[in-house]
1. Quick check: residue separation of V466 and K441 times 0.36 nm, minus the Cα distance between them. What number comes out in nm?
2. What is the packing order of peptides 434-442, 364-372, taking the mean over residues of other C-beta atoms within 10 Å and listing the highest first?
3. At 7 Å along the Cα-to-beta-carbon direction for both A234 and K452, put a label point, then send me their distance in nm to one decimal.
4. What ranking, highest mean first, results for peptides 289-302, 257-270 when packing means the other Cβ atoms within 10 Å averaged over each residue?
5. Determine ³J(HN,Hα), in whole Hz, for all residues of segment 391-398 in sequence, where each value follows from phi through the Karplus function 6.51 cos²θ - 1.76 cosθ + 1.60 and θ = phi - 60°; x replaces Gly and Pro.
6. Can you send over the solvent-accessible area of I223, 1.4 Å probe, protein chains only, in Å² to the nearest 10?
7. Let me know the shape class of segment 368-483, please: from the alpha-carbon gyration tensor, a ≥ b ≥ c as square roots of the eigenvalues, rounded when a/c is under 1.5, otherwise prolate if a/b is greater than b/c, or oblate.
8. Please list, in chain and number order, the residues 5+ apart from L296 or on another chain whose amide H is under 5 Å from its amide H, with Hs placed from the backbone.
Amino acid sequence: MKHSKLLKVTFCVLVSFNLTFSDARHLTNHRPLILPSRRHDLKATKSVLTQKDVVTSVNGGAVEPSSSSKSTLSTAIFNLVKGIVGSGVLSLPAGVAAFADNKSAVIPAVVLVSIAGMLSGYNFSLIGRLCAYTGSTSYRGAWEKSIGESTAWIPAAACTSKTFVAILAYSMILAETFQGIFQSIGIVASRSQALIGLTVAVLLPLCLMKNLSSLAPFSLLGIIGMVSSVAIMAVRYFDGSYALPAGKFLADLSTQPLFGSKGASAVFSPNSFILICMLSTAYMAHFNAPKFYIELENNTLERYNTLVSTSFGIATFVFAAATALGFATFGANSAGFILGNYSSKDALIGLSRILVAFALIFTYPLVFVGCRDGILSLLQIPEEKQTNDKLNKLTVILLSLVTVAALNVKDLSFIMSFGGATLGNSLIYIFPALMFRKVVKDMGDSASPALKNEIYFTTFTCMLGVAMGCIGATMAIKGTGGH
């Protein structure tokens, strides 16, 4: 079939990308060089790292104790893939639908997914190298020891804002998912009713918990749910259950698949920046880069780059598969949360919804507490004043704000694209480039020619991030309407 051949071509593009990415990791195996502490702007390197000079994790700016344990390469790869492949993967087909309506658009879309994966992986590696060069243990620490302490609140605020966007996206997905689950078992509930009920009965009690260690193992459900969803999407695409004109589930759909004439060439439309910026959100794990570098067993830059290239290669494959399968199934009518396109009577999709729902429920408080603690850190509220009463009040206020936003903003693709255009591009492309330029400059004559030449490339990625951010944010507002 024509469409099966199209997906085979897509697969070949992915394989070529993974081979290229695997070879490219050797280009960044520069020997770490701790900057001389005699320089006045890097005097922070003189101080001994304390227990609280720690890794900024997915909590978006909050701190957590550094671990004395080390991760093997295989364990680190699994954990990084788990950290990258999140709920954002299920919104990517809508990014293609923003500029195209023909299945031939799958090929340039996969190319964009692959290029974004490669650039994101490079900058993830760059952040780890910055930690090696400066002796830092966090994203904020790398900024402090390169750019300066006075502006370190900027990346911290970006990380905290990014986690706010993440929990907002989680609430939106949970609303859509539970509405579909309720419909599948014969319960009629609106999106608003599903979200409010879930927030009050489940999310609020979980977010009020003071010890979240018991929830950590459930994060494994996240990667299982997302990969299973992509696999089920593949089954439904190839068995034709949603194919026009006679797919067995078509009669149950309120919105039918829609295809037209805007194919591969439509990628040159400015609307393609919506997909590009959604990818900045989907690949976002860069505030975790210091954690993975520091905790990697025998953390030479070569092993670290192997970790990064392998993990981002796997994530890229999953992202590309979800993008291609979702768009090839529903075309221009691909929803911001692709599982929302499928029939509530589809048992396989029902299983996928349940897996995604439970994964997000148990991951939600982990990310939420990170956002809350990030706000406390930005407000410079000392730990001794962070009483249970104040924490509970802030939790209720923050969760209420997120829920109100999720009730009014119903287009997940808008959140993904706008968040990626503003926060994602800053954390992935702009901030690392600025830090690297300053670090190499402060190395002076001790910097190798390769590092000095690399500044040209990082400057290019910085400018690319600025351009993508400006155009992407504009197109996100115009293209999705912000609703």
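1. Numbers: separation 25, 0.36 × 25 = 9.00 nm, distance 2.19 nm.
So the extension gain works out to 6.8 nm.
2. Values: 434-442: 20.4, 364-372: 23.9.
The densest-packed peptide leads the list: 364-372, 434-442.
3. 4.9
4. Working: 289-302: 20.1, 257-270: 15.3.
So the order, starting with the most tightly packed, is 289-302, 257-270.
5. 5, 5, 5, 5, 4, 5, 5, 5
6. Looks like 20 Å² after rounding.
7. Values: a/c = 5.14, a/b = 1.41, b/c = 3.66.
Since a/c reaches 1.5 but b/c is at least a/b, the shape of segment 368-483 is classed as oblate.
8. Distant-sequence amide H within range of L296: S71.
The values are calculated or read from the model by the stated rules, or taken from the named source; none is laboratory data. Source: prediction; values computed, not measured. Positions of Cβ are backbone-derived with ideal geometry, glycine not excepted, and every protein chain shown enters the neighbour counts. For the accessible areas, the whole protein counts, side chains as well, though only heavy atoms, and no ligand, DNA or RNA atoms are used. Shrake-Rupley method; radii C 1.70, N 1.55, O 1.52, S 1.80 Å.
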